[in-house]
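Notes for the one structure printed next.
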């Protein structure tokens, strides 16, 4: 299973960096070819890509010492290269695929420190949040939510951390953890601007759990406690309708449900700016499943409909 994850990730890295079709084959010849490029073209972008490929090859082959050495060389020799942030993040992704969550997290953090995030289209914070949740879950099953906020929220305020970790938990299918994070945040930070998003997270994770009572309670709380919130005023109607609609479709064929939801959003919801929040979640799902064409289609709709709504 781990090997399959790595192979899938290497295909993705190959598409991004233009060497798909080259990363597979005889291990020794692959390593030799990469090292030859590094020696012949020192300091170039091509050498950096070869160094990254060498690192990925060692990770794929479970050669830990060699992978560490190759990664260290990538980060030191090519620190000034234009694509070093993408290379760093890609190696982090490969390490995440083989379940080395601690190392992956450090590389994700480094990619953000090297080039700070300035755009909401940059997914590095989402990646960092997701691998942090995976790390906390792998360390222990006890008090995961508490440890996430206590030990791993140094990159963000406690408010943003709760929101991002909650969303990551939902994307990983751990709706219980996600709901616990959202609810815990609201109890301590009711006046924070992120609170309305956390309460919306309680509603959507309740949908994921098939908990209609919990969903309706969360929506009711949004309608009372956050009635004056600008964000809820803007997207509350479409969000509530979508949650109820999605709950009704639970248990049906996945592809049919997604097609119905997609059509309904485009036909009924796009007049309301809140539709972009729903679409953003859908785009993440498609991307995580490597259905890139569909993800691009969804994110294009997000770009068309975005009206300055802050998102997690």
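Once a ≥ b ≥ c are taken as the square roots of the eigenvalues of the Cα gyration tensor of region 58-134, is the result rounded (a/c under 1.5), prolate (a/b larger than b/c) or oblate (a/b not larger than b/c)? Don't skip to the end; give the middle numbers.
Numbers: a/c = 2.45, a/b = 1.21, b/c = 2.02.
Oblate, since a/c reaches 1.5 and b/c is not below a/b.
Based only on other Cβ atoms within 10 Å, what is the fewest-to-most ordering of 299, 185, 242?
On the way: 299 19, 185 28, 242 25.
Fewest-to-most Cβ neighbours within 10 Å comes out as 299, 242, 185.
For region 148-244, which semi-axes, largest first and in whole Å, follow from the square roots of 5 times the eigenvalues of its Cα gyration tensor?
Working: eigenvalues 85, 54, 20 Å².
So the equivalent ellipsoid measures 21, 16, 10 Å along its semi-axes.
How many nm separate the modelled label positions at residue 188 and residue 209, each set 7 Å beyond the Cα in the direction of the Cβ?
2.0
How would you classify region 45-197 from its alpha-carbon gyration tensor, with a ≥ b ≥ c the square roots of the eigenvalues: rounded for a/c under 1.5, else prolate if a/b is greater than b/c, otherwise oblate? Spell out each step's value before the answer.
Values: a/c = 2.95, a/b = 1.81, b/c = 1.63.
Prolate, since a/c reaches 1.5 and a/b exceeds b/c.
Work out, step by step, the length gained on full extension between residue 293 and residue 83: first 0.36 nm times the residue separation, then minus their alpha carbon distance; give nm to one decimal. Kindly include the intermediate steps, with their values, before the conclusion.
Numbers: separation 210, 0.36 × 210 = 75.60 nm, distance 2.35 nm.
Once the chain is fully extended between residue 293 and residue 83, it gains 73.3 nm.
Relative contact order for region 174-214: what percent, with Cα pairs under 8 Å and sequence separation of 6 or more? Write down the numbers at each step before the final one.
Details: 29 pairs, mean separation 19.7, N = 41.
Relative CO of region 174-214 lands at 48 percent.
For region 164-221, restrict the atom set to alpha-carbon positions and state the Rg and Dmax in Å.
For region 164-221, the Cα radius of gyration and maximum Cα-Cα distance read 10.2, 29 Å.
Once fully extended, how much extra length lies between residue 221 and residue 26, figured as 0.36 nm per residue of separation less the alpha-carbon to alpha-carbon distance?
Working: separation 195, 0.36 × 195 = 70.20 nm, distance 5.90 nm.
64.3 nm is the gain from fully extending residue 221 to residue 26.
If r is the Cβ-Cβ distance from residue 76 to residue 106 and R0 is 22 Å, what FRET efficiency results, to the nearest 0.05?
0.90
I need to check one value: relative contact order of region 59-143, counting alpha carbon pairs closer than 8 Å and at least 6 residues apart, in percent. Kindly include the intermediate steps, with their values, before the conclusion.
Details: 53 pairs, mean separation 19.4, N = 85.
Reported relative contact order: 23 percent.
FYI, it's all coordinate maths here, none of it is from the lab. Just so it is clear, the structure is predicted and the values come from calculations on it, not from any experiment. Positions of Cβ are backbone-derived with ideal geometry, glycine not excepted, and every protein chain shown enters the neighbour counts.
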